[in-house]
Amino acid sequence: MAAISTVTPPTFNLSSPSRNPNSASLSSLKLASPDANPSIPSSRSLKLHRNSRFVTAAATSPSAASPAANPTNTFHGLCYVVGDNIDTDQIIPAEYLTLVPSNPDEYEKLGSYALIGLPSTYESRFVEPGATKTKYTIVIGGDNFGCGSSREHAPVALGAAGVAAVVAESYARIFFRNSVATGEIYPLESEGRLCDECTTGDVVTIELGESKLINHTTGKEYKLKPIGDAGPVIEAGGIFAYARKAGMIPSRDA
Amino acid sequence: MASSAVAPTSSFLVDKKILGFSASCAQPSSFPCSPQLSKKRASTKIVSVMTPQQSERKPSATGAVKTGMTMTEKILARASEKSQLVPGENAWVNVDILMTHDVCGPGSIGIFKKEFGENAKVWDREKVVIIPDHYIFTTDERANRNVDILRDFCNEQNIKYFYDIKDLGNFKANPDYKGVCHVALAQEGHCRPGEVLLGTDSHTCTAGAFGQFATGIGNTDAGFVLGTGKLLLKVPPTLRFVMDGEMPNYLLAKDLILQIIGEISVAGATYKAMEFVGSAVESLTMEERMTLCNMVVEAGGKNGVIPADRTTYKFLEDKTSLPFEPVFSDGGARFLKEYRFDISKLEPLVAKPHSPDNRALARECKDVKIDRVYIGSCTGGKTEDFMAAAKVFLASGKKVKVPTFLVPATQKVWMDVYSLPVPGSGGRTCSQIFEEAGCDTPASPSCGACLGGPRDTYARMNEAQVCVSTTNRNFPGRMGHKEGQIYLASPYTAAASALTGFVTDPREFI
C-alpha cells in the first residue's frame, strides 16, 4: 500500500519567479504556520474536534470497554457495514462536489452527505436527514473500498461526518492516499472479511497500537494490519502537518 | 526466474513467458533509432553475461548490475533524478504538468494558500494547466463560483494556461474555453512522451497514451505540487498487455479495455502500471489510445502507458514545440504479469450495471430494453468517437428509437462534428447524420452527465432508466439516479443500441 514513508526528503525552494523551479537548493521549504491564516482552520483542529466526540461516546456508552487514555489511539463506537467496491460516487455523489473542502462551512456540509449515494438496499442511512454528523464512528467495508474517482471529497466527507476509521479488506489507491494526505480518517486493513462478521450497529473498539478490532456485540476480536508509516502522518493531521512536526519542513514564524 | 520487488501485501504470479521477452518488446521497426533505442542495445550487450532472467536474487541484491526497467520505472527514475528505481520504492518525482479543473481546483488552491501562505506563488506558472470542464453549463451558484475561484487564482498567479469560460449561455463566445480536461490536454499539446503529468482527476491516466507517466491525485497532493513542483510517489510494478492481430471493423479501443477490465476485475491493477503493446495497439490512432488508457483507473491501475511511436510524433507535430525525450521499456525489464490477446477473436462488449468489470457480449444483451443513449465524455466523446457513431447511423439510414444525447468533449470536437465530412456519406457531416437519425442536437462541450452533476445538467439521469453510454463508470447513481442502469459500451455499440431501442451488437449495422 502507498504508505507515505519517511524517505529522506529533498529540500525545497519557496517558489518565486526569479529562481530555477527545478533546482534543489539548500534553503528549506517555508510553509505558513497553522495560525497564519486563522480564517481557515487547520486540519488538525478539525480532527481534534472529531476526536473529542469519540471520548465522550466512550464514556457514556454502557457496554463500552474503558478506552486507552490517548483518544487518538483508540476509536470506539457504532460500526456501519458496507460491501465491496464502494466507489467514491457512493461515498459522495458528484452533485455535491461543488462544495469546496477547504472552506469550513462547506466542509461541514460535505459531512452531511457522506455515503448518501448508497443504494436503498442499505436500510439505515449513514447520516440522518438534517444532521451533519453520523452516529457511526467506524465504517467496515470489503474489497477495493474507495474505488472510482480521485475526489478528495470522499475521505473528507467521511471525516467531516465524524468517522474515525474505515476498516476494509483492501483499498483503491487514490482513496488510500487521500485519506493519509488529509489525515481525515485512518484507512485500516483487516485480515479477512470483517464485513461478513459485523453488522451495522455493532459496538466496536479499535486499538490502533495493538492493530486490533473488538466487536463488543458479538464478543469477537480481530487482527488488523498495522497502519505503519501512514499512522504518524494521519495522527499529525495530514502530510503538511506531519512534515512540519517531523522537522522535514520548518514553519515560518507568524 | 524474473521477480519484482513489490509491496508485501500483494500476491502475484510470475509469468514464465516473460523470460526471453526482449524479442517481442514493442519497438516499431520502421521508426528511425531514437537515442533510447541505441542505449537499450548497448545495455543488452553488457548484461548478457549476467542473464538476469535466470537470477533468483532481487534487484537490490545484485549490487552494481543495472536491472532493466519498464517504461514507467524509467520515467519515474528520470523524473526523480535517479539512475535506477524498482517497484515498491518511494521517490520524490519532479512534475512536468499539474492539471486541475473546477471541481477540485478550488480545494487544491485552498490548501496551497493555507500551507504555503496567502502570497505564495506556484512553482512554475507555465506548468500548471487549469481547465474548467465539469459543472459549467448550470445555474448552480456554487458551481459557477468555483470557475470564478479558478479565474481569480489564475489572474493572481499569472497562470499561462487557463481555459476560461465566462459566457455560460454561448460556449462559442469563449475563445479560450476548451472543455473536458483530458481531451483538452492532448489537443493543446500538454501531453508529451517521457514526462510526468499529474491531475486532480482519476482519468488523468488518459495521457499515458502519449508514453508518459500520468495519474490522478487528490487536492492535498495537488496543493503540495503547486508549491513545490514535486510529489512523493511509489513506483508501481507493471502489468503488460500484449494485443496482437488486426482490429476487426466492428471493434474499437473501448471494447479492448472493457475486455481487459472484465478479465482482471476492478481491482486487478490496483497500485500497478498497465503497459499496452502489440500490433493492434500500434494500429490505434492517438484518440483510440487515449480511450484505452482512460479506463486504466477502472481496473484500479495507477497509470497506463503506450510506447510513443510515429503516430504519437505525428499527432504532436502541430501541437507542441517543447522538446521531449521518449522512454521505452528495456529488453530486460521485469513485468509482474503478461496478458496476451488475439484481437481478431474479440467481439463487441458492454459492461453491465453496476460495475465496469461486469463484462458481457453485446449480442448476449440484445433483450435488454433501453431508455436512452449517451455519447460523450473523455472516454467516448472525442472526434473519432462521434465519427464512429455517425458511421453506424449512416449504415442504417434509420432513426433512433430512444433519446440519444451527444456531448462533444471539447470545442474542437464540437466543431469537427459540425464540419468534418463522414467517409462514404457524400460529404455530410456528423451533425447532419445525427440530425437525420433523430439524435438530440450536440450539446455544449463539457463532462456533462457522465458523472451526473448538478440537477440541471444536460442529459442527467433523473429517473431510474436504462442507458447505454460511452462513458467510463456505471456504479450506482453515477449518472444521477441511484436506480439508473448504465451499460458501458463503445460508440459503435451505443449507436447501434439507439437504433433498436435494445442493447445491440454493432454488427447488426456494420
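Summary table
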| item | result |
| --- | --- |
| Taking region B:113-164 and dividing mean pair separation by its residue count, relative contact order in percent (alpha carbons under 8 Å, at least six apart) | 47 percent |
| Candidate lysines for bridging to B:Lys398, where Cα separation is under 21 Å - those fewer than 8 sequence places away on the same chain excluded | B:Lys366, B:Lys369 |
| Pair B:Lys172, A:Ser124: separation of 7 Å Cα→Cβ label points (nm) | 5.6 nm |
| Antiparallel DSSP beta bridges within region A:113-254, as percent of all bridges there, nearest 5 | 55 percent |
| Residue (of B:Cys450, B:Asn474, B:Phe405) at the positive-pole extreme of region B:371-493, dipole from beta-carbon charges | B:Asn474 |
| Where N is the number of residues in chain B, Cα Rg divided by 2.2 N^0.38 Å | 0.96 |
| Along each principal axis, Cα extent of region B:147-222, largest first, Å | 36, 27, 21 |
| Tail beyond 20 Å, pair distance distribution of region B:330-399 (Cα, percent) | 55 percent |
| Sequence-distant lysines (8 or more away, or on other chains) whose Cα lies within less than 29 Å of A:Lys223 | A:Lys47, A:Lys133, A:Lys135, A:Lys212, B:Lys234, B:Lys272, B:Lys302 |
| Surface/4 estimate of mean projected area, convex hull on alpha-carbon atoms of region B:214-372, nm² | 12.2 nm² |
| Projected label distance in nm at B:Glu435 and B:Asn249, using a 7 Å step from Cα toward the beta-carbon | 2.8 nm |
| Gain upon complete extension [B:Ala464, B:Leu420; 0.36 nm per residue less C-alpha separation] | 12.3 nm |
| Equivalent ellipsoid semi-axes, region A:108-225, via Cα gyration tensor eigenvalues times 5, rooted, Å | 21, 17, 13 |
| Cα-based equivalent ellipsoid of region B:345-441: semi-axis lengths in Å, sorted from largest, via gyration tensor | 24, 16, 13 |
| In nm, spacing of pseudo-spin labels at A:Thr217 and B:Asp371 (7 Å Cα→C-beta vector) | 3.4 nm |
| Principal axis box of region A:64-153, alpha-carbon based, largest edge first, Å | 41, 31, 25 |
| P(r) histogram, all alpha-carbon pairs of region B:228-283 included - 10 Å bins from 0, percent | 19, 43, 24, 11, 2 |
| Stokes-Einstein D in µm²/s, Kirkwood radius over Cα pairs - region B:353-505 at 10 °C with 1.306 mPa s viscosity | 106 µm²/s |
| Protein accessible area in region B:140-284, 1.4 Å probe - carbon and sulfur % | 42 percent |
| Relative contact order computed over chain B (Cα-Cα under 8 Å; 6+ residues apart), in percent | 17 percent |
| Region B:395-456: C-alpha pair distances exceeding 15 Å, % | 55 percent |
| Percent RCO, i.e. relative contact order, over region B:468-510, from Cα pairs under 8 Å lying at least 6 residues apart | 34 percent |
| Global form of region B:110-179, assessed from the alpha-carbon gyration tensor, a/c cut-off 1.5 | oblate |
| Accessible area buried, both sides summed, chains B and A with 1.4 Å probe, Å² | 5300 Å² |
| Members of region B:469-499 that become less accessible by 50 Å² or more once partner protein chains are added (1.4 angstrom probe, chain alone as reference) | B:Phe475, B:Pro476, B:Lys482 |
| Partners for B:Lys172 among lysines (Cα-Cα distance below 23 Å; same-chain residues under 8 apart left out) | B:Lys160, B:Lys319, B:Lys382, B:Lys412 |
| Under the Karplus curve 6.51 cos²θ - 1.76 cosθ + 1.60, θ = phi - 60°, whole-Hz ³J(HN,Hα) for region B:471-485, x wherever Gly or Pro sits | 7, 10, 9, 9, 4, x, x, 3, 9, x, 8, 4, 9, x, 10 |
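The values are calculated or read from the model by the stated rules, or taken from the named source; none is laboratory data. Since this is a predicted model, take the numbers as computed values, not measurements. Ideal geometry is used to build each Cβ from the backbone, glycine not excepted, and the neighbour counts take in all protein chains shown. In case anyone asks, the SASA skips ligands and DNA or RNA and just uses the protein heavy atoms, side chains included. Shrake-Rupley method; radii C 1.70, N 1.55, O 1.52, S 1.80 Å.
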